[in-house]
Structures are given as structure tokens and as C-alpha cells.
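This report concerns only the one structure given below.
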Amino acid sequence: MNIIIWIIQLIFVPVISPFCVGFIRKIKAKLQNRQGASVFQPYRDLWKLLHKDEIISKDASWIFTFAPFIIFAVTIIVGASIPLFASFLKNTLTSDLLVIVYTLAIGTFFLALAGMDTGSAFGGFGSSREMTVSALAEGGFIFSLLTVALIAGTTNLFAISHSGMFTNSKYFLSIALAFIGFLIILLAETARFPFDNPATHLELTMIHEAMILEYSGKKLALIEWAAANKLVIFVALAANLFFPFGIAETVGLGAIAIGIIILIAKILVFCFGIGVLESCIAKFRFFRLPDLLMVAFILNAIAIGLIR
Amino acid sequence: MMNILFLQLLMSTMFLTLVSLHLTKKNFIATVSYAIQSSVIVLILLNSFFETKNIYIFIVILATLIVKVILAPLFFNRLIKKNAVVFSASTYLNAPLMLIIIAALTFIANSQKLTPLTGIVPGNQVLLSLALSSILLSLFLIINRKGALSQILGILSLENSILAFAIFAGLEQSIGLQIGVVFDIFIWIIIAFMFMSMVYKHFGSHDVTSMKNLKD
Amino acid sequence: MTEIITSAISFFSLIILFAIGAIGSLLFRKSDKLANLFGSFFAIAGSLYGLIFSISAIISGSVLSFSFKLPAFPLLALSFHIDLLSEFFIFVISLIALFCSIYGIGYAKHFYQKYSLGALGFFYNFLLISLFLVVTASNGIFFLIAWEIMSLSSYFLVVYDKNDENNVKAGSLYFIMTYAGTAFIITAFLFLYKYTGSFDFAAIKANVGLIPLAIKNTIFILALIGFGTKAGIIPLHIWLPAAHPAAPSHVSALMSGVMIKAGIYMMIRIFLDILQPAPVWWGLVIVIIGAVSALLGVLYALTEQDIKKLLAYSSIENIGIILLGLGSALTFYSLNMPALALLSLMAALFHTLNHAIFKSLLFLSAGSVINEVHTRNMEEFGGVIKYMPQTALFFLIGSMAISALPPFNGFFSEWLTFQSLFMGIFQLQSFVQWIFIIAAGSLAFTGGLALACFVKAFGATFLARPRSLEVTHAKESPLSMQVGMGVMATLCLLFGVFSGYTATLLAKIGKGFTIFQNTVSPIAVASNQGINITNGFASASGPVIFILLVVVLSLVAFAIRYVVNKNQKIKIGATWDCGTDLTPRMEITATGFAQSIVTIFKRILKPSIQHEIEYHDVESRYMMKSRSVTLGVGDIYHAYLYKPLHKVINVLSTRAKNIQSGNINAYISYIFIALVVALLLVL
């Protein structure tokens, strides 16, 4: 039984992530009064890319070749280490909040290096902007997770989602502030509005897309999939750490099934929110982003200070 | 053998020679004062010799007699005659101020404050305080005088005063002190002579203040 | 057997090995090759022996104490007290010295026919001797002698490359700053002597109750400034970015990895061991200094183009992190939480070890690149990965370690530091809690900025196309240098994967302190090598993360390469060039990479930009002959701290110059007055 649960935990994120990306695009399309592509289109895109040939720049080194695998592997590991549908699982090995943050940072590191590897101007600038945003977002990321960790008394993510801290209303304000902070960080790290436009290829505006401009074929498929995984990871963290209702707290087929369904529902709610947000606001100018990230950090610091 | 009174007389003579070294304006008198001072030292040493019958002291006496009493003043006189240009024996401070400072230094040397120093041999306290005042006066002499000859005389009388102090404090028994004193004297005179000739050759005068130009 | 290895004689034979190396080097100075080999061989032998000594001493938990009294000098006694903390530092020193010496065999060939290799061997071995003596001395005066030897030998090593004028200037700055720091240290020791009556550390520790609190605080501040100058805390750091790049690379590695830790060692010794019990504000001051140094260190590193200066500033950042651990240890102990204090101390010690390893690795690989390309300017590197692949790999591992990416060692020591800060936030109240929150925030930002800094360093140096002709002539380093770097890179991985075992050993070292003797260990290491902090607050496992990464990576790689679309064709083409020719000018430069961050932090960094244009015709000013743009970072330490000090000292000196009138009579009257005054005062 345990094995099956762990297998579902492992493959849940990669399986569901293209669907979420497709869902967001569908929402945006509907708001723009279009039909939009089917929600399963990203699966077909991945299939197409995996079956295409590649061109690799002659200036690139082994880092360019290996980076997609590393980035994808990192998202799989992190996806398996966060609470998804079951909080009774005990993972004291990789489920610490700092381990999550820094394992994701491995992905960012190699992505930035891959961007610089081909020696194109776009890649270099993309790496520079990405590292700037990521450096400033890390403070907010750690602190927002720290707030809920301090309330629950542990930094183990599974234990936090299990702790039932919502029963205590005195933490409500802290959790709310931390949640707002976390939302900002979520948008930053997953390269969504107002930080980055995932559909643009203009040199003035792209951050994530700039670094992967030289990729093609299977490697591009892996990177796009990894980006989708990251989106689901952050959304799942937001859903389960700040609103852990419905997560399976006891072992049992029924509880797990309910857990999965409620998780998918929560993810879809968040994706809907992101889609609406992307349709309503414009991308910010690059030098306004640090202010936003500092706001996230300060909100989280206040949230920590408010914990009694 | 000689009793305390005679020793006190000798020390007072030494003290007075120092004062005259301060006050005189002519180099010749300075040299004579120095000779008198040295003979006082010889007499004190003789006294010490008769008390302890130490043969080395006798050698020292002989040496001191020859060098300090006879040869040194002769050297100086010859120098004065050879470089018979203006020998500046002038001082920084005028006479009344000088006397006041001399009085102050003597007073400090004899004061209660310095009793631990001058009371090393309680019987000789007066002698020791006189010797200490001689030391301080010699230092003041060096500071006050502008001419090189006066300064060298000051250093030599400083030596004499320290020797007197050592004798009265009971230190004359150490052979090293005696040999050291003799050697020191000898070398000093030679150096002083050569130094003076060289200084005159280079600067044309013995005024030490002209060495200020070396500074920049 | 262990008794023999960990005895006093054994320690002396260690020192003697280095001494033979030093003297032999000097004797054989006529022959470059022989001097180099001789000196390096004995350095390697000594370091190996030091490793054996320290490892057996730590595992057996032995404490050595012996001293020789010198009848001629009543206050000086050659006393050694080698407890677990000293053994730990001996381990760190020996480890780094071993690999730097191996690297040095190949690196010093670069200096043949140019400078005296006998002198290099001599001063290098003396530096190592003095390092060992500094961490084991137990008498204040003996310690100061060893400290002086350390400063002097490192000075001569810094100015070894005399032909470059900048190196000589850097050496002078280093010299002055070291001595200013030493002056503070001497004053602190004099205060200790006055109130406890002895220079011996054990005696001082026993009599620490005799020191009044105000004096204890003064000693704290003096020791903090003195040892902080050596460690390189902001604002006393100005010598570090000048001196570390000037020295030869293996010496830079030794200085950055080990010598600045000598300051940390003494801070731990004095604050946690000798001067306990201490007030709370001591720990808080150190935490704040650590937070500021960490953040500012990494920000300045981001602005640098000289790769060795970048690494030097990064050392300042890591010293800040170590101080965060030390400060929280002090705070927790003063607030009666010894288990947490032990945890923080373990974090600080672990980071000391880790930083020594990965910083030395980074300096050594940077040194290899500089050796081949003959410049330290990153803007002239680029594409080196194709010409020096092994060096690139080692630098990459070093960068990943220093940016605290799992599964390397840097992650685990930062994890421990974070956990101790988190526990502080969890359990403390009011304004102490706020200081810990600020410290944790600073550490979080530092981690992110360090990642950006090393992406810049690695990317600008090794990736893309070469930016200068020299790079195309670069060759991979000789074997000895590769061995030195390679083993260190492996150690980075091993210390990360086996962090559980290391943490247990560190807990044992921490318990060797008198104040922690009865403390329950705050961590428990599970059978899967997972470190668990008490009460299940946090846990992480090195080997599991490593194995997971390797397994998942291989599975994904296998699946994608061999299962999906086996018949894929991969073509090599040119990078997309928008239709123009690709030149190195199109790559991002190191300056450009960091420009966004510099602009964001412009209030702190105060960047400046100056334009100079030269025209063909000065009157009409239409056609430009040349144009130069100078980008700079404002140096607030010079403007606000050192220039005013300099001005005050100058004014005082000019006034004092008037004493020297050139007049002999004046000088003798000074002596006279001094004599009279002395007589009157003493009697």
C-alpha cells in the first residue's frame, strides 16, 4: 500500500503539470474572448518536441547538454518531497524547507549557466535578470515558509501540513500575511506576470524564455516540462501549507482519493486565479520588481513577528 | 681616615666648581674649574683607598690623576689656543634665571621626596645629596650652554658626579666600576679632541646650534 | 599506538618537519627546482602527519598540555594546550596545507628564474609552523610571538611577486592593518594580565571572576577589533581584497582558507572559553556584525571583475556566516540555552571547515586559469571550459559548494546555521528575537546573492566564446595541480554526503568546551545519516539527497536518451546571431551580468560612472577620437572611517614634529625633565 502511495506521490507532479499549464492558457483565452487550445494541448506539445531533432550550438559545452536533465530531475525530487494529497507520510530525509528551497536553486543555477553557455546576447541577459530576481526572491521564499514552520513548530513540510494549525485562530493574521508574501514569490519563481511573460520572445521583456532560447527537441521538452512542474510545486505548496483542508491525514483508500480530488481542485482554483491575474495586469518594468520582492519579504518578517 | 667634615668640604668644593662652570663666561676658567673638580675626585678616591686598601683603587687614582687633573685641562687649553677664534661660552638663560634654577635643583635633590635615593647609606646622606645635586647641575649645564666645549665639560663633570655618588653609596668596591671609569675617561678625551677638531674644520665654529641646519 | 601519535613529541616532530622544509628550502635556494621540491615535500609530509595527528586525537578525544618555562623570561613560557578545538583547527590547517602544497609543486614552476624559490619555500613553511603554533599556544606572550611570525611570513608571501607595483602596495596595506589589529590584541592581553596576574590561558580562565564587568566589556571590544581585523569583518576588511589577490595562488588559498580562521579560532577561544560567563549583548553584537559582513561581502563580490578579488570578498561573506553561528552560540549560552548554543557552535565550526575546503578549491582553480591566461580580469576570460575541462569541473563543484547547493558540504553548514537562527526565532522573545529575524533574513539574501555571484564567476570565466587571444593558447594544468584540486572537490562532496558523521564529531568537539561539558547533544544522527535537530524541528539527510539526485538523474537521462525517440539526430550549428557575425562582444560580460543587482543596491554600493571623451578637434567637438567610461563602486569605508582617522593622525604628527627642533640642547633638556619627573614620581 505504502509503495503505491509513494509512486503516486512521485509521478503526480509531472503528470498533472502540463494540464495545469493548459488550463491557465484556456482561462486566459476565454477572458480574451477566444476559444483557445484544448487543455491537453501541452501534452501534445511535449510529445512533438520529444520527437524532434536538435541543433546544438558549437560554442556550447557539456553544461548545455546536461542542464535540462538536472533541472528536470530536481523538479521530480522536489515534487515527491512536498505534501500533496497525504500528510501522514513521513519524510524526514528530503522534506525540510531549506532542502526544498536549495534543491530548486540547483535548477536555477544550471538554467542560468545554460543560458550563458551558448554565448548569445539573449541568454546572457536572461541569466542576469533571472539571477537578480531569484536572489531577491529567495529571502521571501524562505521567510514565508518559515512563518508556517514556526507556527507548526517544525520545518518538515509534511509535518506542517499535518499539524492542523488552522484550528487556532490566533495565528490567522500571520498566516494571511505569509500567504500574500508567498503568492508574490510564487509568481516570481514560476516566471508569471508581473515578473515575466511566459509567452513572449521580445528581448526587452523575457527572462525565463531568454535562457532557453537556444534549446530544441528533447531538451526543450524537458525544460518546458520542468517549468510546468515548478508551477505545480509552488501551487501545491501554497495550497497545502496555507490551506491544508482536505488533505489525507490518515491512511485509507477513501481518504487518499478525497485528498487527490481536493488537491486537484485547489490547484485548479489557483491556476484560475493566476490566469485571471495575467489577464488583468501588465508585466512590471524590471526595476520595479525588486520593490515587489522586498514587500514580500517585509510582509513575511512582520508575519513572523506577529506570532505569539 | 678623613672624617665626614673633610669629605663634606670636598663635596662642597665640587659643587662650587660646578656652579662656577655655569657662571663663567671664559673657557679658560671653565677648564680650571674642571681641573679643580677632578682633583677633588682624586682626593675622595684617596680617602676611599686608605679605608679599604684596595690596590686597584690606587691604580685608578693614578690614572684619574694623570688624565683628568693634568692631561685633560692641558688638552682643552691647547684647543682653546689653537682654535683661537671666538669660543662661544654663551648660555640660553640669563644669569638670575640660571641661579634660580640651580637653587631649585639643589632644593629638589635635598628634599624629602628623594630621601629613598639619598638615604642609601644613612651616614653619608649629606654627601649623597650633594653628589645628586651635582649630577642634576651637570645635566643642566649641558642643556644651558651653546658652545661645544662647555657641553663636553658638562658631560665630564656629570661623570665625576656620578663617580662621587657611587663612591659615597658604597659601590666603589666593584672592580668593574673602576676599570670602566678609567677606560671611559680615556676614550672620552680622545673622542672629544678629535670631535672638536673635526667640528671646527667642517663648520668653522664650535657653535652647536649651527647644527640645526642638518635637520631638514 | 594512539598514545604515541598524540603525544607531545609527536607534535614537535610535526613542527620540526616544517622547520626542515623551511631551512632546507633556503639552503637549496641556488637551484630552483630542488628548493621547490624540498620545501613542498616537507610541507606535504608535515601536513599528512598533522592530519594523522589531529584525526587520531579527535577520535580518541585526547587533550594535551605541556609547557617549557624559560628562566630568562619570567612571563613567557612555551606552553601548549591542545584540546579538541585546537585539534579541529589543526585538522583544517593540515588538510588545506596538504592540497595547497601538492598544487604548489606545479604552480611554483611559474616562478622559476624570476624569483627566489628558496624564499618562497622558507616563508611558506614558516607560515604553516606559525599557524600550528597560533592554534595551540596557551600563553599570551607565546601566542603573540606566533601571531607575529604568522603576520610577517604572510607579508613576505604577499609581496613575493615584486614586479607588480600593486602587489607591493597591497602588502603595505596588509602590514599596517595587521599591526593595528595586533596592537588591539596586545592591549586586550595586557588588560587580562593586569586583572588576573598571569599570561597563561588556563590561569586566566581560572581567575576570570576577578575581572570587573566594565573591563571584561573593554577586553571584548578590543579582542573583537583585533581578531576581527585578521578575520576580515566589515569595516576592518579593506586589506583582504588587496592582499589575497596579490599573493601566489596557493598562498591565497592558504590565507583565505586558513589564516583568517586563526582570528575566528581566537574569538571562539576567548569569548566562549576564557571569558565566560558573558553578557547577552556580546553575542548580539557578533550576530549583527556577521549579518552585515555577509551581506556587504557578497554585494561587493558581485561588483568585482578581478576574479581573485571576487573570491576575497566572498571570503568576507563566509566569515560573516561563521560569525552568525558564533554570535548565536554566545547569545544562547548567555540566555541559558546550552543545547542550542552547542548547535550554533557546531554550525560555525562546520562552516569553518567547509569554507576552508571550497574556498581553497576555488582559489586553486582560479589560479590555474590565471596562470594560463596571464590576467586576473574576468572580462578577458571566456570559453575556458573547452581548453581546461578539468579545472572547469573543479571550479563548478567549488561554486556549487559555496552557493550552498545540496548535496555539497556548503549546504549542510548553512543548513545548520539557518536551523540555529530559526530555533532562536522560535524560542526567544522581543528584541533579541528581532535581531535573529534580521540575521536570518540577511543569511537568506546572502545565499541568493552568492548564487548569482558564482553564476557570474563561472559563466564569465568558463562559458561561451573566448574573449581574448590568450585563452585560445591555454592548456590544462599539470597533474600535481589537478590532483590538488580534484581531491578537494571530492572532499566537498564527501563532507556533504557524510555530514551526519561530521556533525556527530563536531558535537563531540563542542562538548570539549568547559561550558558545554554537561550539555545534551542537540542533534541525533539516524541510521540513514539524517541529521535530526531536537524535538523533530528539522531534519535532512545528506546521502539520501545525493542518492536521489544521482538515481533520478540517471533514470531521466536514460529514459530520454534511449527510450524516447532513439533515432533523434543532433546537429551542431552556430548560436543564433540575428544575421551578423558572432563575436565575443556579443556575450554578456561580467560587469553586465551584475549590473542589475548593482543598480538595485545603489544606495549601499554607490556606483559611479565617469565619461572621458577625446576629440579630434577640441574646438568643434564633433568627431571623437577615443572615449572611455570608468565604472566604479563607491568606497564608503575609506571616506567615512579611514580618511578621517588618517587626517587626525596626520594633524597630530605634524604638531608633534615641532618637538624635533634639531637643537641638541632641546633634546637633552627633554631627557633631563623626564629624569627629574621620573625621580619625583617613583620615589
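The values are calculated or read from the model by the stated rules, or taken from the named source; none is laboratory data. Bear in mind the structure is a predicted one, so any value in this text is a computation, not a measurement. Virtual Cβ from ideal backbone geometry, glycine too; neighbours counted across all protein chains shown.
Checked against (1) farther than 28 Å from C:ARG467 by Cβ; (2) surrounded by fewer than 24 Cβ atoms within 10 Å (Cβ to Cβ), A:GLY139 passes all but condition (2).
Give the number of residues within region A:65-109 that are small (Gly, Ala, Ser), in contact with a Leu (Cβ under 8 Å, 6 or more places away or on another chain) and within 20 Å of A:VAL235 (Cβ to Cβ). Number satisfying all stated conditions: 5. Considering (1) part of a helix (DSSP H, G or I); (2) within 14 Å of chain B (Cβ to nearest Cβ), the lone condition that C:SER661 does not fulfil carries the number (1).
Set side by side, the residues A:PHE182, A:PHE158 differ, and just one is within 12 Å of chain C (Cβ to nearest Cβ), crowded, with 21+ Cβ neighbours inside 10 Å, assigned to a helix (DSSP H, G or I) and not β-branched (Val, Ile, Thr), which is A:PHE158. Residues in region A:123-136 that are within 7 Å of chain C (Cβ to nearest Cβ) and among the small types (Gly, Ala, Ser): A:GLY124, A:SER127, A:SER128, A:SER134, A:ALA135. Reported count of residues in region A:225-244, each being aliphatic (A, V, I, L, M) and farther than 16 Å from A:GLY273 by Cβ, is 5.
Suppose the filter is surrounded by fewer than 24 Cβ atoms within 10 Å (Cβ to Cβ) and in contact with a helix residue (DSSP H, G or I) (Cβ under 6 Å, 6 or more places away or on another chain); does A:LEU46 pass it? Yes: the conditions hold for A:LEU46. Checked against (1) closer than 30 Å to C:ALA557 by Cβ; (2) free of Cβ contacts under 8 Å to residues at least 12 places away in the same chain; (3) part of a helix (DSSP H, G or I), A:ALA199 passes all but condition (3). Among the residues of region C:627-658, those that are in a helix (DSSP H, G or I), away from every other protein chain (no Cβ under 14 Å) and of a type outside the set (A, V, I, L, M, F, W, C) comprise C:TYR637, C:HIS638, C:TYR640, C:TYR642, C:LYS643, C:PRO644, C:HIS646, C:LYS647, C:ASN650, C:SER653, C:THR654, C:ARG655.
The listed residues are A:ILE76, A:ILE8, and the only one of them that is crowded, with 20+ Cβ neighbours inside 10 Å, of a type in the set (Val, Ile, Thr) and either at negative phi or not in a loop (DSSP other than H, G, I, E, B) (or both) turns out to be A:ILE76. Pull out all pairs, ordered by first then second residue, where Cβ-Cβ is under 9 Å, the residues are six or more apart or on different chains, the first lies in region A:93-107 and is at the interface with chain C (Cβ under 7 Å from one of its Cβ atoms) and touching a residue at least 40 places away in the same chain (Cβ under 8 Å), and the second is outside any helix (DSSP H, G or I) and among the β-branched types (Val, Ile, Thr). Correct list of pairs: A:ASP96/A:THR155; A:LEU98/A:THR155.
The residue of region A:240-255 that is surrounded by the fewest Cβ atoms within 10 Å (Cβ to Cβ), among those that are of a type in the set (A, V, I, L, M, F, W, C) and closer than 15 Å to A:VAL269 by Cα, is A:PHE245.
With respect to the conditions (1) under 30 Å from C:LYS602 (Cα atoms); (2) exposed (fewer than 12 other Cβ atoms within 10 Å of the Cβ); (3) touching a helix residue (DSSP H, G or I) at 6+ places or on another chain (Cβ under 9 Å); (4) aliphatic (A, V, I, L, M), C:ALA639 lacks only one, and its number is (3). Out of C:ILE96, C:ILE52, C:ILE129, C:ILE105, one residue alone is crowded, with 24+ Cβ neighbours inside 10 Å, among the aliphatic types (A, V, I, L, M), touching a residue at least 40 places away in the same chain (Cβ under 8 Å) and not assigned by TED's automatic domain parsing to the domain that holds C:ILE509. It is C:ILE96.
Here is a yes/no grid of residues against (1) at pLDDT 80 or above; (2) surrounded by fewer than 19 Cβ atoms within 10 Å (Cβ to Cβ); (3) within 25 Å of A:ILE106 (Cα to Cα):
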residue	(1), (2), (3)
C:GLY500	yes, no, yes
C:LEU506	yes, no, no
C:ILE509	yes, no, no
C:PRO522	no, no, no
C:GLY542	yes, no, yes
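Test C:PHE175 against the criterion of being more than 24 Å from C:PHE89 (Cα to Cα) and either assigned to a helix (DSSP H, G or I) or modelled with pLDDT of 90 or more (or both), and give yes or no. So C:PHE175 passes the test. Take region C:437-466 and flag every residue that is outside any helix (DSSP H, G or I) and within 7 Å of chain A (Cβ to nearest Cβ). Scanning region C:437-466 gives C:LEU463, C:ALA464, C:ARG465. Restricted to helices (runs of 4 or more DSSP H) entirely inside region C:240-309, those with at least 2 residues that are not assigned by TED's automatic domain parsing to the domain that holds C:LEU349 are C:240-246, C:249-254, C:260-267. Taking region C:415-435, which residues are under 24 Å from C:THR352 (Cβ atoms), facing chain A (nearest Cβ under 8 Å) and out of contact with any strand residue (DSSP E or B) (no Cβ under 7 Å at 6 or more places or on another chain)? The answer is C:PHE418, C:PHE422, C:ILE425.
Taken over region B:115-168, residues that are surrounded by 19 or more Cβ atoms within 10 Å (Cβ to Cβ) and either within 11 Å of chain C (Cβ to nearest Cβ) or small (Gly, Ala, Ser) (or both) amount to 27.
Counting residues in region C:479-497 that are among the β-branched types (Val, Ile, Thr), within 11 Å of chain A (Cβ to nearest Cβ), under 30 Å from C:ARG269 (Cα atoms) and in a helix (DSSP H, G or I) gives zero. The residues of region A:102-123 that are among the β-branched types (Val, Ile, Thr) and in contact with a helix residue (DSSP H, G or I) (Cβ under 6 Å, 6 or more places away or on another chain), listed by number, are A:THR103, A:ILE106, A:THR108. Please determine whether any residue of region B:147-168 is modelled with pLDDT under 75, closer than 19 Å to C:PHE672 by Cβ and out of contact with any His (no Cβ under 8 Å at 6 or more places or on another chain). Checked region B:147-168: no residue is modelled with pLDDT under 75, closer than 19 Å to C:PHE672 by Cβ and out of contact with any His (no Cβ under 8 Å at 6 or more places or on another chain). Only one entry of A:LEU31, A:LEU84, A:LEU50 meets the criterion of being of a type in the set (A, V, I, L, M) and touching a Lys or Arg at 6+ places or on another chain (Cβ under 7 Å), and that entry is A:LEU50.
Screening the candidates A:ALA191, A:ALA226 for the property of being assigned to a loop (DSSP other than H, G, I, E, B), out of contact with any strand residue (DSSP E or B) (no Cβ under 7 Å at 6 or more places or on another chain) and under 29 Å from C:ILE570 (Cβ atoms) yields one hit, A:ALA191. Against the list (1) within 22 Å of C:ILE397 (Cβ to Cβ); (2) assigned to a helix (DSSP H, G or I); (3) at pLDDT below 90, the condition A:MET116 fails is (3).
Name the single residue that is nearest to the other protein chains (Cβ to nearest Cβ) among those in region A:137-153 being part of a helix (DSSP H, G or I) and more than 19 Å from A:PHE234 (Cα to Cα). The qualifying residue nearest to the other protein chains (Cβ to nearest Cβ) is A:LEU150.
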